[in-house]
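The values are calculated or read from the model by the stated rules, or taken from the named source; none is laboratory data. As the structure is a computational prediction, the values presented were derived from the model and not from experiment. As a convention, Cβ positions derive from the backbone with ideal geometry for all residues, glycine included, and neighbour counts pool all protein chains shown.
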Amino acid sequence: MRQKSVGSKDAADRLVKNDRRKTARRYSAEEKIHIVLAGLRGEESIADLCRREGIAESLYCKWSKEFLEAGKRQLSGDKARQATAPEVKELRSEALSLKECVAELTLENRLLKKA
């Protein structure tokens with residue numbers, strides 16, 4: 001009889017764990033920034049802030065560390081950034097036109113050498 005109850009308890013635990021995983025809240029970047037800035041202001045304790053927002057303190061610490069590292073990289077002059085889609089399209093178009101220009105000039109050069 002004990003065997004059956006232990007097995008059903010494990011199954012119930014797995015079910016609850018999967019349910020929590022499916023209902024876990026996803027926070028946008030703006031929400032994370034808002035929470036981190038509220039914690040940095042120091043108007044309330046981190047524990048109270050995390051309890052109010054429904055997050056673990058370890059998650060807050062992770063977000064805070066990422067936020068501060070990103071700020072440090074930006075202030076240190078690391079200007080590398082990702083290109084936007086329109087910029088990529090424009091650069092590809094420009095590269096294609098330059099390749100065509102080089103091809104035409106090469107062909108013209110060869111024709112002049114033969115003549």
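Annotations for the structure displayed:
- Evaluation of S45 against (1) surrounded by 10 or more Cβ atoms within 10 Å (Cβ to Cβ); (2) at positive phi (one fails), failing number: (2)
- Subset of the range 17-31 [surrounded by 10 or more Cβ atoms within 10 Å (Cβ to Cβ) and either of a type in the set (V, I, T) or touching a residue at least 60 places away in the same chain (Cβ under 8 Å) (or both)]: none
- Just one residue in the set A11, A95, A38 is assigned to a helix (DSSP H, G or I) and at pLDDT 95 or above; that residue is A95.
- Every pair of residues 6+ apart whose Cβ atoms lie under 8 Å, when the first sits in the range 32-50 and is under 11 Å from W63 (Cβ atoms) and in the same structural domain as L68 (by TED's automatic domain parsing) while the second is assigned to a loop (DSSP other than H, G, I, E, B) and small (G, A, S): C50/A56
- Looking across D78, D19, one residue alone is at pLDDT below 90, out of contact with any strand residue (DSSP E or B) (no Cβ under 7 Å at 6 or more places or on another chain), among the acidic types (D, E) and not in a helix (DSSP H, G or I). It is D78.
- Scanning the range 49-91 for residues that are over 20 Å from the mean Cα position of the chain (by Cα) and either under 17 Å from S28 (Cβ atoms) or of a type in the set (S, T, N, Q) (or both) yields E53, G54, S76.
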